[in-house]
């Protein structure tokens with residue numbers, strides 16, 4: 001056990017007497033004593049009752065001690081006994097024992113010897129593991145007994161070889177029936193890395209050849225990976241007659257997966273002709289587009305095309321400008337008329353408060369995407385006519401009853417009734433040019449001095465192109 005020392009320790013005394021059993025003692029001062037543990041002190045220094053104790057901790061001037069250390073006996077000591085941080089027998093005997101020992105030193109056991117950096121020694125029964133191990137500057141001639149018929153050589157650490165060994169660019173006639181295995185020691189390690197040491201190399205970074213010496217798989221420094229018959233991925237200039245083929249290993253596997261990056265904007269899949277023209281594309285949002293007509297010809301009694309909805313429209317039809325012109329709904333009904341929709345509802349309006357309609361229900365929706373509980377939305381660009389009606393139930397009191405029509409939160413038009421005409425609803429109707437996605441809603445306001453319930457109705461239909 002290593003002990004700690006100090007050249008500035010002050011001789012001190014016991015502040016109180018101790019018996020032979022206690023494991024703490026209080027001293028007059030700890031000035032100059034080692035700040036780290038353990039360290040030895042001598043109690044009743046140079047007296048017949050002298051005892052060496054090992055200090056393992058301290059709290060102020062109270063020391064935690066191991067009694068009868070270094071061949072001495074635990075004894076009782078009186079208050080005022082001298083306490084000295086001095087030289088003990090182990091300080092001199094331990095180095096001598098270390099000098100004489102040839103095994104079981106520095107924490108070794110079982111008769112183990114130290115390994116010298118330049119000493120000629122034979123190592124047996126050793127396992128080298130872990131991602132931080134590196135072998136470098138090892139000439140091929142230094143590896144003995146590993147390259148033999150049927151030999152499998154396994155490395156589980158980083159290995160750097162200065163000269164070709166173990167089948168790396170070695171004459172194939174000397175590597176008959178040899179295996180090079182690289183085992184992954186953790187989930188974050190790359191089992192095998194082949195890197196080039198020159199800029200813009202002309203040679204392939206990796207090649208697999210058959211028994212005739214023909215390249216069947218190759219990896220170029222630009223990232224191209226190609227096979228003579230079955231696969232090519234990335235880069236340019238694939239091997240002749242290369243094709244992409246993926247076969248599922250079992251019935252639950254997906255044979256081919258294309259996964260986009262976070263925020264993907266490019267297509268997930270493109271099929272091109274020999275001129276590089278895109279014929280088929282799967283966009284990042286899953287939409288599919290083709291360069292020609294989508295035609296599926298049935299054979300025999302087969303159904304040519306099946307489209308199954310999931311509670312939403314089964315099919316929608318757009319014109320050349322991307323505007324919706326027809327829809328096949330989830331219940332099988334169809335609509336190829338101009339977009340039109342209407343919602344109705346009822347809201348409570350506080351005095352002099354602006355209340356935006358909410359909680360409405362759809363009376364009709366020709367395209368299936370115009371009506372919402374609090375607004376109507378234009379499915380295509382063009383000229384629309386809107387109609388808004390607000391009927392306030394309480395006709396008493398002063399002030400006004402107002403119906404405000406808004407586009408995208410900005411007032412378009414409004415109507416207001418005053419005391420002489422409270423029985424009549426406030427109505428607004430007009431034409432407006434909208435872009436696809438524009439929103440029309442109603443805002444209600446009254447200042448009768450009371451809270452009033454208002455029944456409202458909002459409708460809109462497409463008139464024509466702008």
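Here are a few things to note about the model shown:
- Among the residues of region 91-106, the one identified as under 53 Å from the mean Cα position of the chain (by Cα) and part of a helix (DSSP H, G or I) is 98.
- Residue pairs meeting the criteria (Cβ under 7 Å; at least 6 apart or on separate chains; first at pLDDT below 90, in region 255-267; second outside any loop (DSSP other than H, G, I, E, B) and surrounded by 10 or more Cβ atoms within 10 Å (Cβ to Cβ)): 258/269
- For residue 441, the stated conditions hold: it is modelled with pLDDT of 90 or more, assigned by TED's automatic domain parsing to the domain that holds residue 347, within 27 Å of residue 318 (Cα to Cα) and in a strand (DSSP E or B).
- The residues of region 334-362 that are without any contact (Cβ under 8 Å) to a residue 24 or more places away in the chain and within 14 Å of residue 459 (Cα to Cα), listed by number, are 361, 362.
- Among the residues making up region 350-368, those that are over 19 Å from residue 410 (Cα atoms) and surrounded by 16 or more Cβ atoms within 10 Å (Cβ to Cβ) are 360, 365, 366, 367, 368.
- Residue 294 being at pLDDT below 85, over 30 Å from residue 338 (Cα atoms) and exposed (fewer than 10 other Cβ atoms within 10 Å of the Cβ): no
- Members of region 34-49 found to be touching a strand residue (DSSP E or B) at 6+ places or on another chain (Cβ under 6 Å) and more than 9 Å from residue 82 (Cα to Cα), listed by number: 37, 38, 39, 40, 41
- Strands (runs of 3 or more DSSP E) fully within region 371-435 counting 3 or more residues that are modelled with pLDDT of 90 or more, buried (at least 19 other Cβ atoms within 10 Å of the Cβ) and out of contact with any helix residue (DSSP H, G or I) (no Cβ under 7 Å at 6 or more places or on another chain): 375-377, 382-392, 401-407
- Per the listing 8, 72, 36, the residue uniquely free of Cβ contacts under 8 Å to residues at least 24 places away in the same chain and in a loop (DSSP other than H, G, I, E, B) is 72.
- The set of residues from region 451-466 being part of a loop (DSSP other than H, G, I, E, B) and more than 20 Å from residue 356 (Cβ to Cβ) comprises 465, 466.
Per-residue answers, yes or no, for (1) within 21 Å of residue 26 (Cα to Cα); (2) surrounded by 15 or more Cβ atoms within 10 Å (Cβ to Cβ):
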site: 57; (1), (2): yes, no
site: 77; (1), (2): yes, yes
site: 81; (1), (2): yes, yes
site: 93; (1), (2): no, no
site: 101; (1), (2): no, no
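The values are calculated or read from the model by the stated rules, or taken from the named source; none is laboratory data. The model shown is predicted, which means the values in this text are computed figures rather than measured ones. Cβ sites come from the backbone with ideal geometry, for glycine too, and all protein chains shown count toward neighbours.
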